[in-house]
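Novice: Below: one structure in structure tokens.
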């Protein structure tokens, strides 16, 4: 983790120093970066004053890849090296390509890795690497504009992203050299952007229809605390599907055959998208389609036909919205505000239908393309420590149930969907056969009862179970989900205490060695040697630890006895000395010692803060 | 490790151990507590402090959701009083309750064949929900009267009803997906 810390050694964190943090909306079609300056959150433009960075990367045989509009220009001329909508592949496995891949005009490499790799002129690229290339551009833009290195970033993900997709997003940010303070759900970010927390109370629905994903979240707001009550969505439904529906219609009208080439397909989609955009303000859109034989087909798409084409897609989002309301146990009438997010909510038909469903005009005054990045920037500003007194707190939920495989290919749910995170749940299991000494834990995510219908997140085996009769062993499996929605799983045999310490790695995520290799390959670190890097990372970590302890001692030193205090002081001093040497192993070892020595202190501080929250108020007064 | 872990859920929220509970006070206290322990408040702290925060916040979430649900709350109160639930070998039920369960389940089983499955299911769900609500009322008085044996058997019955309601909801989702 320390590998990618951005802060430099010795960097100070004086109380009133403004720290640099950004919010990033890593979208299917477009990406944006925003920050809070002088109390105002806004997106940052590039040197051509464009705020939106198309999420398109064009790979070249030599040199840096092109990202954004420059890359987009090559979409029709060089489609195989121009990667767009990569978000749809994030966290997906090779097998998933059968469902999604047919629409993506890329060549995939045959590989042993479970992660799909796209063949490009610059070599094989995984979705994580492509996303990292987009993030790197946004990071550079922010650092150039703000004049210094970033302290941290908040990156948004669709609320409906599963564990593997979240992990992949975090991996991409790490690869781009960013310190991710939080993965934030896009709808939550949008609600924050609207400043509904300023004095507001009540139920909010956030309807987010982007290029490739749809999300609906129901939130309850109360004095600065956003509590997500439910979330639902579809990771494969978005404005792209509107384009595909139009393109299909054009193909029928113009009698273009289904096996049209890459170029033709790209052009069709581009024309379909243009027609869709034209129809936001006009009643008809003129079409002039270049056919493969060089001739043109001309036609007109009317608003009525367009509505017919997209209504089934909008209807799907309404069904999903209904489910989210039911999970939140509220009715459409109880929703006080409907926030619209995502470029596809510009389509008037979407606004009309959703307004009808909730019985109120949706909020559209913040640019739906920017709203997520702006909300993320506000949260980043709070998390980085620029607003210590801010009340803002976002309590998210997990979008899909987590469970494990039991006998007969069945799923036993451990944490149901829409449980507030962070969460830890344990369940006991036992052996099936006499003398059984190992047990494989297969972790899955999804709502269905059969393992094969859910997404497999990973497997691990607990060994050295003492041989007993079937049903006698007690194996406690604990699931823990952190505030980013990322899962770790532990298994422990209770009678002997045999434990399998597992930081579960999603099957579709990247293994540590894959990440390491990518890091090694990446240009950022190409010129540095590994030892120097290790040393610097450990020094940075040491500085962080020392600083954190000093601050804690200053605030809560009274929680320690004289003896404890002396012990900690001398350990910190030792660390400060070791830090100036050049033995990274010794620094790491000393950091671990200091950490162990201060565990109890940290626990007491946490207790005290809880007591403070409770003190002076008894229930009757609240 | 943390003394906090020795506190029961009610103590954690500064509330008396009681089935009757002020929902607004509970929610208010929940937000207070999360504002102090949520990992977001430790975004720049050490990894270890963040891990601790995750654990604390997870515990507060668990406590909140236990106390918020009447059924979970009742069960928790009984457990605090030393009652051990054995879900594998639940107590036997009166014939009336079993008959009613069978009838309700038969109705649910036949929903798909109904001409208007969705509204038949709606009627069934309303019936189940109103039964649950009555049973929770009874459960409250049993706990207030300290009749723990009866309370325990009532909890077992309610667990059956909740399971039935979950199955109704699953059916509803299935029907919606067919639309």
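Novice: Would it be correct to say that residue A:373 is within 11 Å of another protein chain (Cβ to nearest Cβ) and either touching a helix residue (DSSP H, G or I) at 6+ places or on another chain (Cβ under 8 Å) or buried (at least 24 other Cβ atoms within 10 Å of the Cβ) (or both)?
Specialist: When the stated conditions are applied, residue A:373 does not pass them.
Novice: Taking the residues in segment A:397-426 that are in contact with a helix residue (DSSP H, G or I) (Cβ under 6 Å, 6 or more places away or on another chain) and more than 10 Å from every other protein chain (Cβ to nearest Cβ) as candidates, determine which candidate is surrounded by the most Cβ atoms within 10 Å (Cβ to Cβ).
Specialist: That would be A:411.
Novice: Follow-up question, since we're still on this one. What residue, among those in segment A:11-30 that are at pLDDT 80 or above and over 14 Å from residue A:375 (Cα atoms), is surrounded by the fewest Cβ atoms within 10 Å (Cβ to Cβ)? Talk me through it step by step, then tell me what you get.
Specialist: Initially, segment A:11-30 is screened for residues at pLDDT 80 or above, giving A:18-30.
Then drop every residue that is not over 14 Å from residue A:375 (Cα atoms), which leaves A:18-20, A:27-30.
Numbers: A:18: 15, A:19: 18, A:20: 22, A:27: 28, A:28: 23, A:29: 22, A:30: 22.
Across segment A:11-30, the extreme among qualifying residues is A:18.
Novice: Tell me which helices (runs of 4 or more DSSP H) are completely within segment B:71-179 and hold 1 or more residues being within 14 Å of chain A (Cβ to nearest Cβ) and within 23 Å of residue A:327 (Cβ to Cβ), or say none if there are none. Can you show your working first?
Specialist: Values: elements: B:95-110, B:117-144, B:148-178.
Counting at least 1 such residues, we get B:117-144, B:148-178.
Novice: Out of B:131, B:72, I need the residue that is without any contact (Cβ under 8 Å) to a residue 40 or more places away in the chain, surrounded by 11 or more Cβ atoms within 10 Å (Cβ to Cβ) and within 30 Å of residue B:29 (Cα to Cα). Which one?
Specialist: None of the others qualify; the one that does is B:72.
Novice: Can I ask one more? What are the residues in segment A:452-491 that are surrounded by fewer than 18 Cβ atoms within 10 Å (Cβ to Cβ), within 30 Å of the chain's Cα centre (by Cα) and away from every other protein chain (no Cβ under 12 Å), if any?
Specialist: A:452, A:453, A:459, A:461, A:476
Novice: Which condition does residue B:21 not pass, out of (1) within 19 Å of residue A:421 (Cβ to Cβ); (2) modelled with pLDDT of 90 or more; (3) more than 7 Å from chain A (Cβ to nearest Cβ), if it passes all the others?
Specialist: For residue B:21, the failing item is (1).
Novice: From the list B:45, B:57, which residue is buried (at least 20 other Cβ atoms within 10 Å of the Cβ), within 7 Å of chain A (Cβ to nearest Cβ) and either more than 19 Å from the chain's Cα centre (by Cα) or within 30 Å of residue A:151 (Cα to Cα) (or both)?
Specialist: Among B:45, B:57, only B:57 is buried (at least 20 other Cβ atoms within 10 Å of the Cβ), within 7 Å of chain A (Cβ to nearest Cβ) and either more than 19 Å from the chain's Cα centre (by Cα) or within 30 Å of residue A:151 (Cα to Cα) (or both).
Novice: So in segment A:300-320, with the set limited to residues that are within 25 Å of the chain's Cα centre (by Cα) and within 11 Å of another protein chain (Cβ to nearest Cβ), which one is surrounded by the most Cβ atoms within 10 Å (Cβ to Cβ)? Working first, answer last.
Specialist: In the first step, residues of segment A:300-320 are kept if they are within 25 Å of the chain's Cα centre (by Cα); the result is A:313-314, A:316-320.
Right, trim to within 11 Å of another protein chain (Cβ to nearest Cβ) and you get A:316, A:318-320.
On the way: A:316: 15, A:318: 16, A:319: 14, A:320: 21.
Out of the qualifying residues, it is A:320.
Novice: Which one of these does residue A:336 not meet: (1) under 30 Å from residue A:370 (Cα atoms); (2) under 36 Å from the mean Cα position of the chain (by Cα); (3) loosely packed, with under 15 Cβ neighbours inside 10 Å; (4) more than 14 Å from every other protein chain (Cβ to nearest Cβ)?
Specialist: (3)
Novice: Return the residues of segment A:417-427 that are modelled with pLDDT under 90 and either assigned to a loop (DSSP other than H, G, I, E, B) or under 21 Å from the mean Cα position of the chain (by Cα) (or both); say none if nothing qualifies.
Specialist: A:417, A:418
Novice: What about residue B:40, is it more than 7 Å from chain A (Cβ to nearest Cβ) and without any contact (Cβ under 8 Å) to a residue 24 or more places away in the chain?
Specialist: no
Novice: Could you tell me whether residue B:144 is farther than 18 Å from residue B:163 by Cα and not assigned by TED's automatic domain parsing to the domain that holds residue B:169?
Specialist: Taking the combined requirement at face value, the residue does not satisfy it.
Novice: Using the structure shown, decide if residue A:303 is within 30 Å of residue A:78 (Cβ to Cβ) and in contact with a strand residue (DSSP E or B) (Cβ under 9 Å, 6 or more places away or on another chain).
Specialist: For residue A:303, the condition - within 30 Å of residue A:78 (Cβ to Cβ) and in contact with a strand residue (DSSP E or B) (Cβ under 9 Å, 6 or more places away or on another chain) - is not met.
Novice: Going by what's in this entry, would residue A:149 be described as outside any strand (DSSP E or B) and surrounded by fewer than 24 Cβ atoms within 10 Å (Cβ to Cβ)?
Specialist: Yes, satisfied.
Novice: Say we look at segment B:1-18 and pick out the residues that are outside any helix (DSSP H, G or I) and surrounded by fewer than 17 Cβ atoms within 10 Å (Cβ to Cβ); which of these is nearest to the other protein chains (Cβ to nearest Cβ)?
Specialist: B:1
Novice: Name the strands (runs of 3 or more DSSP E) wholly inside segment A:173-242 in which the number of residues that are under 19 Å from residue B:31 (Cα atoms) is 2 or more.
Specialist: A:201-209, A:214-222, A:225-234
The values are calculated or read from the model by the stated rules, or taken from the named source; none is laboratory data. In this text the structure is predicted, and so the values were computed from the model without any measurement. Please note: Cβ atoms are built from the backbone with ideal geometry, for glycine as well, and neighbour counts cover all protein chains shown.
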